[in-house]
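Peer 1: Take a look at the following structure, please.
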Amino acid sequence: MKKIREIFFLLIVIVLMICSIGSVTADEPVGPASDNVRMHITTDGGIDSTSAVHDNRLFIANWKSMDFSTTNAMGVFCFDLNNGDLIWFRSIGEVLSEITVADGQVFVGTKSGALLCLDEETGNTVWSVTGITAGYWGLTGAPLVNDGVVYVTSPTKHQLMGYDTRNGNLVFQHRLGSSGGIIFTSPTLSSSNNLLVMDDTGILEISPANDLVNSYTLPSAITTGSSAVAHGDAVYLNANGILYRINTIGEWTEAWNVSTLTSTTPVVTDTAVYVSQGGTLAAYDITSGEALDGFTTHVSGGSSSYLNPVLAGNTIYYAMNAHCGKVFAINATTGAEEWSFSLPESGNPGEDYTFFASSPVVCGENLFIGSEGAGFYVIGEGDLIEIDKTNTADQPYVPPSPITVIYEGTVRLVNTSEGVTVKDALDAAVSAGGFTYNLTEYDTIKDINGIENAEDWSHSWMTTYYNNNDTSVYSVLDPVVAGATISIHYDEFDASWNVVGTEYLVNVTVGNIVEPAPWTVIYDDTVNLTNSSDGVTVKDALDAAVSEGGFTYNLTEYDTIKDINGIENAEDWSHSWMTTYYNNNDTSVYSVLDPVVAGATISLHYDEFDASWNVAGTQYLVNVTVGNIVEPAPWTVLYDDTVNLTNTSTGVTVKDALDAAVSEGGFTYNLTEYDTIKDINGIENAEDWSHSWMTTYYNNNEIPVYSVLDPVVAGATISLHYDELDASWNIVGTEYMVNVTVNSISDLSITSPSTMVTGSSAIFTALSNHPGNTTYSWDFGDNTTVVDTKSSGIASNVDKIYTSAGTKIISVTAEYNNRSVTNTAEIIVTTPPSAFDESNNLEANLTGESISDIAQILFTGTDVTDAANITISISRYQNQSSISDDEWLDIQTHYTIPNSNEKPLFILEIDSSNANGIDNIHQLNNYARLTIRLAIDYANASNVSFYRYVDGSNGYEQLHYTIGNVAPGWVEFLVDIPGFSTIIAVTDQIPADSRTTPVSSTGTTANLATIKYKTIYYGTITVDPGSFTYTTTMDDKTFIVNNLSVFGILHASGMNLQTKEWPGGIYVHSINGISQDENLNGWLYQVNGMTTSQMSNNYMVRDGDKIVWYYSESMSSLPETSQYAYGFTVKVRTSAVPLLTLSPAETPTINLGIPEGVTISSGTPQRITIDTSITQSGGFVNITEHTIIITTPGLQMTIPVKNLIRSDEIVTAEIQNMTAELVPAAGEIKTFGIEA
């Protein structure tokens, strides 16, 4: 007997398992978490046929196995999965094929070679076809249902046959090889929805129209084989103990094979192929066929060569069919055993009387598997249900008893202050003559129409409240909503309190819940208010409505509503005016002096109250909505600047500060007899003081100024504002403003340059306000001192040369009449530059509108650590006479040109105030060399001079230059610049107050970069591979951003950004305060001169790429014509973006794989899971709320997702679809040969 079983299992290969998930399962099978048995079914014979599950029903089949003499019935069972009840049994004979359930029908093949179609609901035979195959085993393959046809293979007729699922008519035949239709294999579907079938030579792909589409012949004739599994662009199968991958793009070819010594059907995922072989579970890499990295082959200790594994979640389930068989749950990633279940001992160790004989099936959280000698098992959570169905005869389907519907209708309810309940709905149905009912003391149903609950509760009234989902009703006082159905059913219960039938039914549906009669609306409109210094209140809003003729009102002594339009509060307050302030939430108003905001609605309702002070109704309503709260008209600023004062023996006053501003031409003013402001620039106080000049003195806090003779301190601001006052002397607006800030008050003034270089000279000046001889003692902070005595009003001037670099503190003490005063100043002294280090040069690639004269600049300094925020602009005047009077006045105002007759050739501004490593715009330890090509004749070159103007310096500084290249019509000047500054080129004469000693650079020349009209500096941004978590500033949305995305580079630049979520990623709304405007002008970017619409956090860059962010004001805007533009050169410390490096002759194979830390589940819908603690270090997974982008070598996959969930470092989402595009490679990529 044991030998017969060995021969039997040498041939048997149970085919693909089908699980049609019903309401007992989740959308995606996850499998059981433990070996708990929740259902055990005992039948006659053995259960070798793989089961099926659909719509809360379990379908299994038996055969005689080794009990050849039994006369007990064999066939198909249908059980209720909730309670284990047998719904029907059909004795159609022994069944060895898998059971297939589709379109309300059950398809099975019998040992006698027949194909039967049964009705899923009743088990009745719809049709049958006999004689499909002969031989001992009969029809063994799984029936395949596709598009109204059920397909089976006949090993003896050597044919693939298809039958109409409606009537069993033969509609398809295809001849296979001479030994075709390998026993126990089944037809399956290809990725193109064609038929896949085995014959004795290999695998065939046949269209439903019976055309041979493709085929592949294996190296040797097939004696044993599995069903084929199509996955992506390949087919996987076991044949003669060898696992094959056959690529199906174009002509079918073998990708790899590996010896498995089994004929089980493999499980295929996106990354691996799993096979149960010889008592083990092995896993192979789907691409290479090598052992799966990280997976340890699981050894069962028995034989599993004939039972197929199944995948659910991240767990592989497989069984061994040796004596006292086991089923195992194995982690699909590691191969670790999660749990196992063993069949009970048979009592006959020498015989395999109990072993697993059908392949496992997983649905929801349950596993289903049949055995020889031990029955059928359902493994999952729940109490054990034992079912004995031995000696079972035909049991037809018995429909449940019909339900008597007592009432089914819709009622309409009127709302109350306490809402409406289930009882209100029942009473409305009773009043409509529907039925009668009584309640228990617990407010549950006692009887309906006299039908009472049984004393033992075997028959009782149950209540369910349907409103989108099922909510049990524990009391008829529970609330109910419109659209709800209260279902009252008289149920019969068994001993375990399971419902076995329903006799009577009452359904009451709530149609509408209407509000009581509406109130009278006295006023419902919007008002606009003007803000004040005290803000705006509820009363302001009411008064605005009154002024529009809306209504009248009076207040109580407590600033609450007394009456509106004469309708007063009742003396007993049974009717009274109540006030609610709506502004996103309800805020009660206790006084009309409470503040109000724009968008708020003040709702005044005249309510009726019951004895418990509950609102029983509303008679009148006033709604005042605040539309806008506008600010008063802005003021005109007459003056806003700083002054420097010199102390006196009596101190300094507000008047001193005002007089200093007047002396600078700021404004004029007159005082009243009380030393207050009478007028400024002729604007006088009004006679009734409704408009008047008010004075406030700001110095950390606000101190009113009552007289301009009040004292003032350094840092103070005297603010003179011409205010409009209301009748209560509250400020309602400001028309004019004068701000005078006292920058400094000193008894001793020092004038010195802020920067200089060693070896050059500069003039330092000190002046005391003492009227007499004064001795000035200088300490220059470098161990050098100077003593100088001057008469009254004569300054001390010292010409100083520093020999060492550093920050120097200069101290001057002025002594007179045994008194002294000391003041200090600071100067930064730098050394001339060292030789230029080309590895650290700050390259300025400046592009823009082409002009005939070209200015070029290069930074030779090595001390600037980050020049990403250096900006350069040039104003060029090729024809000096073309400068308008307004332009010339602007130039004189900004740059203080000393000679009003001289007009510059050009003005060049270099600003590094935002660059790291530079404390101010004057500091640079090394020089820049400016190469300027001017369209003049060489004979006139000596008439050109260059000057540096530095804010705060003593006039101009003439710059050293040499003549470079010369050609007809132009001359090249090489000008050395000692630091960042404004450069002015003039002709014919030198500004009167300029220093005439040129300062030259000792630095060397390197690559020069061109400056044109609009300049873009490409600062180098150096980043590491990886990613970071970023939260948008405007709407707090979180993203995982790749360092090597365009946004990652912008973020690394340190600029001030305003961002928000946009479909597909992060939208940059503002850079350094420049924002998108109401005309949708905003920021765009280019990479290597190319513009893209892809969101910047999704666009990957690589080492050496150049990025420009520019402000676009039209579709034709370019970085060169934009008002604002920032450029970056990408530098990667280590290789980051995975690229393909190809020779011209190579054809790449790009694997659609996923990196470590990312998994994609099977099933429908598929979900993606990302462990960001793993992927963040690599930086190749970019996550937004709606998209996940994975960059792998040569490929970028874009996965739109929904229902994204973040839990700590784990992100999961539901996959919508997937697209892939090639990442540029270091070589030419052909468009074929790409493998999925």
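Peer 1: Label Thr751 and Thr717 with points 7 Å out from Cα along Cα→Cβ: what is the distance between them in nm?
Peer 2: 2.9 nm
Peer 1: Given the Cα-Cα distance of Ala393 and Glu254 and 0.36 nm per residue of separation, how much length would full extension add, in nm? Before the final figure, lay out each step's value.
Peer 2: Working: separation 139, 0.36 × 139 = 50.04 nm, distance 5.11 nm.
Length gained between Ala393 and Glu254: 44.9 nm.
Peer 1: Sticking with this structure for a sec: Using alpha-carbon positions, what is the distance between the centroids of segment 118-194 and segment 739-761, in Å?
Peer 2: 101 Å
Peer 1: Stretched out fully, how many nm does the piece from Glu687 to Ile403 gain, at 0.36 nm a residue minus the Cα gap?
Peer 2: 92.8 nm
Peer 1: Give me the net charge of Asn308's neighbourhood, meaning all other residues with Cβ under 15 Å from the Cβ of Asn308; Lys, Arg count +1, Asp, Glu -1.
Peer 2: On the way: positive: none; negative: Asp48, Glu98.
Result for the local shell: -2.
Peer 1: Rounded, prolate or oblate: which one fits segment 748-830, using the alpha carbon gyration tensor with axes a ≥ b ≥ c (rounded when a/c is under 1.5, else prolate when a/b beats b/c, else oblate)? Could the numbers behind the result be given before it?
Peer 2: Values: a/c = 2.42, a/b = 2.17, b/c = 1.11.
Judged from the Cα gyration tensor, segment 748-830 comes out prolate (a/c at least 1.5, a/b above b/c).
Peer 1: At what distance in nm do the modelled label points of Lys678 and Thr646 sit from each other, each positioned 7 Å from its Cα along Cα→Cβ?
Peer 2: 3.0 nm
Peer 1: Separate question: With a/c under 1.5 counting as rounded, go ahead and sort segment 636-746 into rounded, prolate or oblate using the C-alpha gyration tensor (a ≥ b ≥ c being the square roots of the eigenvalues; past the cut-off, prolate if a/b is larger than b/c, else oblate).
Peer 2: Values: a/c = 1.83, a/b = 1.71, b/c = 1.07.
Judged from the Cα gyration tensor, segment 636-746 comes out prolate (a/c at least 1.5, a/b above b/c).
Peer 1: If neighbour count is taken as other Cβ atoms inside 10 Å, put Met737, Met1100 in order from fewest to most.
Peer 2: Values: Met737 18, Met1100 24.
So the residues, fewest neighbours to most, are Met737, Met1100.
Peer 1: Can you classify segment 1017-1137 as rounded, prolate or oblate using the Cα gyration tensor, where a ≥ b ≥ c are the square roots of its eigenvalues, rounded means a/c under 1.5, and otherwise it's prolate if a/b beats b/c and oblate if not? Write out the running numbers ahead of the final one.
Peer 2: Values: a/c = 1.82, a/b = 1.19, b/c = 1.53.
It comes out oblate by the Cα gyration axes.
Peer 1: For Thr156 and Asp1171, what is the calculated FRET efficiency with R₀ set at 41 Å and r taken between the beta-carbons, to the nearest 0.05? Let's see the in-between values first.
Peer 2: Values: r = 53 Å, r/R0 = 1.29.
Here the calculated transfer efficiency is 0.20.
Peer 1: Whole Å is fine, so just give me how far the alpha carbon centre of segment 628-687 lies from that of segment 449-509.
Peer 2: 85 Å
Peer 1: Taking the Cβ of each residue in Met320, Met1090, Met462, Met39 as the centre, tally the other Cβ atoms inside 10 Å and list the residues starting with the fewest.
Peer 2: Details: Met320 27, Met1090 7, Met462 17, Met39 22.
Fewest-to-most ranking of Met320, Met1090, Met462, Met39: Met1090, Met462, Met39, Met320.
Peer 1: Working out 0.36 nm times the residue gap between Asn797 and Thr520, then minus their Cα-Cα distance, what length gain in nm do you get to one decimal?
Peer 2: Values: separation 277, 0.36 × 277 = 99.72 nm, distance 8.80 nm.
Difference between extended and current length: 90.9 nm.
Peer 1: For segment 748-830, with the dipole built from +1 on Lys and Arg beta-carbon atoms and -1 on Asp and Glu ones, taken about the Cα centre, which of Ile810, Thr775, Val786 lies farthest toward the positive end?
Peer 2: After comparing all options, I get Thr775.
Peer 1: May I pose another question? Is there a pair in Lys157/Lys389; Lys655/Lys790; Lys1037/Lys1202; Lys64/Lys157; Lys655/Lys800 whose C-alpha atoms are over 27 Å apart, and which pairs would that be?
Peer 2: The answer is Lys157/Lys389; Lys655/Lys790; Lys655/Lys800.
Peer 1: Give the residues of segment 1049-1077 whose amide nitrogen is closer than 14 Å to a point set 7 Å from the Cα of Ser1117 in the direction of its Cβ.
Peer 2: Under cut-off, by backbone N: 1068-1077.
Peer 1: Go ahead and run the numbers for FRET between Leu170 and Ser91, Cβ-Cβ distance against an R0 of 22 Å, rounding to 0.05. All intermediate terms of the calculation are to be shown ahead of the outcome.
Peer 2: Numbers: r = 26 Å, r/R0 = 1.18.
Efficiency computed from Cβ-Cβ geometry: 0.25.
Throughout, read-outs are computed from the coordinates displayed, never taken from laboratory work. Because the structure is predicted, anything quoted here is derived from the model rather than measured. Neighbour counts run over all protein chains shown; Cβ positions are idealised from the backbone, glycine included.
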